[in-house]
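Engineer: Below: one structure in structure tokens.
The values are calculated or read from the model by the stated rules, or taken from the named source; none is laboratory data. Since the structure is predicted, the reported quantities are computational estimates derived from the model, not experimental observations. Cβ placement follows ideal geometry from the backbone for every residue including glycine, while neighbour counts extend to all protein chains displayed. Keep in mind that these areas ignore ligands, DNA and RNA; they rest on the heavy atoms of the full protein, side chains included. Shrake-Rupley method; radii C 1.70, N 1.55, O 1.52, S 1.80 Å.
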Amino acid sequence: MLSGLVIVDKPQGWTSHDVVGRMRRLAGTRKVGHAGTLDPMATGVLVVGINKATRLLTYIVGTSKTYTATIRLGESTVTDDAEGEVTATHSAVDVSEEAIRAGVVALTGEIQQIPSSVSAIKVNGERAYARVRSGEEVTLKARPVTIHRFDVHSIRPVDDGRVVDVDVTVECSSGTYIRALARDLGNALGIGGHLTALRRTHVGPYSLEQARTLEQLAEELEVLEISEAARALLPNRQLSEAETTEISFGRRVLAGAAAGTPGAATVEKPAAAFAPDGTLVALLADAGSFAKPVLVFAPGSGLPYADGRDK
């Protein structure tokens, strides 16, 4: 059974759900999922899992992301991006490059960010965007995010300086809203701002260089085999033949590192354990002096399971 990751270069105007639907048809299976939504306006890296590899997606969602983006200063929109109605305009003529760069520095590092009101975050069981569309005013709670890198590449006055476009690269923690960065930069400068372009270039270890368009994938379905995908994503552990046999039955083996030490594997970040031939056998977490399977990938089974039982 085909199992692995497909690194898709998502086209503009498509939802992540649309891409999953197309991949189900291309891969000939319903067992397809993605590791982190991209807005329809955005393009770039969308990691899609097929069959057994869908169980790796939970470990990809929390990885850092990198984006290239264009922020327009001088206009605010209801969605904080170009898809929403403009709600306010202020001339950007008097805003200096120094002020813009200082605003970017202030939004770098560990910050508290209020997500866009039209995000998919649930408020009392309902998506925030659905509440906004019904006319409700929604203000979400601030949450901690980390902006590892916020680089300014160019600052371009548009329409005689009425607005200013700022081209940036942002590397950030999971859960960061780039359009909220655009909004907050504009608000800090007193003129408002929104996002006009967004392209995701990296999701954890997977990059745009590996990505293929849907048209390319329709011609040739390029799948990153599950063992190779796990090797790039998680800490690696090489098993002996005896350990491989034990783990394949869901039994524990000696720990790779003492629990609680920096090198120890955890349930949240397990080690990818490989048989001598390089095949992915399981994901392991160190517990005391032993390592326990978090997930066992049994050869020949349709799905991975956690305790090694026959299906």
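Engineer: To check my understanding: the extent here is largest minus smallest coordinate of the Cα atoms along each principal axis. What are those three numbers for the chain, in Å, largest first?
Structural biologist: Projected onto the principal axes, the Cα atoms of the chain cover 71, 45, 39 Å.
Engineer: Still on this structure, I have one more. Along Cα→Cβ, 7 Å out, is where each label goes; now give me the distance between the ones at residue 143 and residue 219 in nm to one decimal.
Structural biologist: Using points 7 Å along Cα→Cβ, the separation is 3.9 nm.
Engineer: Hey, which of these cross-link pairs are over 29 Å Cα-Cα: 10/31; 10/52; 52/141? Mind dumping the intermediate values first?
Structural biologist: Working: 10/31 19 Å; 10/52 22 Å; 52/141 36 Å.
Long pairs (Cα-Cα over 29 Å): 52/141.
Engineer: Restricted to Cα positions, what overall size does segment 163-300 have along the principal axes? Three whole-Å values, descending.
Structural biologist: 66, 44, 17
Engineer: In the full protein assembly as shown, how much of residue 280 is accessible to a 1.4 Å probe, in Å² to the nearest 10?
Structural biologist: Counting only protein heavy atoms, the figure is 10 Å².
Engineer: So what is the relative contact order for the chain, in percent, with contacts set as C-alpha pairs under 8 Å and at least six apart?
Structural biologist: 20
Engineer: Got a number for the accessible area of residue 239? Probe 1.4 Å, square angstrom, nearest 10.
Structural biologist: Here the residue's solvent-accessible area equals roughly 10 Å².
Engineer: Taking loop as defined by DSSP and a crowding limit of 15 other beta carbons within 10 Å, which trypsin sites (Lys or Arg not before Pro) in segment 156-250 fit? Write down the numbers at each step before the final one.
Structural biologist: Values: sites: 162, 179, 183, 199, 200, 212, 231, 237; in loops: 162.
Of the trypsin sites (Lys or Arg not before Pro), the ones in loops of segment 156-250 whose Cβ has at most 15 other Cβ atoms within 10 Å are 162.
Engineer: Hey, rough spin-label estimate for residue 158 and residue 96, points 7 angstrom out along Cα→Cβ, what's it come to in nanometres?
Structural biologist: 2.5
Engineer: Further question on the same structure: Round to the nearest 0.05 the FRET efficiency obtained for residue 241 and residue 173 when R0 = 45 Å and r is the Cβ-Cβ distance.
Structural biologist: Here the calculated transfer efficiency is 0.70.
Engineer: So, one more: Which value in deg cm²/dmol, rounded to the nearest 500, describes the helix-derived mean residue ellipticity at 222 nm for the chain, given -39,500 (n - 2.57) per DSSP H run of n ≥ 4 and division by the residue count?
Structural biologist: On the way: 8 runs with 66 residues, N = 311.
About -6000 deg cm²/dmol.
Engineer: Quote the FRET efficiency, to the nearest 0.05, computed for residue 58 versus residue 89 with a Förster distance R0 of 45 Å and r equal to the Cβ-Cβ distance. If you can, show how the numbers build up before the last one.
Structural biologist: Values: r = 42 Å, r/R0 = 0.94.
Calculated transfer efficiency: 0.60.
Engineer: Which order do 114, 71, 155 take when ranked by solvent-accessible area (1.4 Å probe, heavy atoms of all protein chains), largest first? Working shown, then result.
Structural biologist: Values: 114 70, 71 5, 155 45 Å².
My answer, sorted largest first, is 114, 155, 71.
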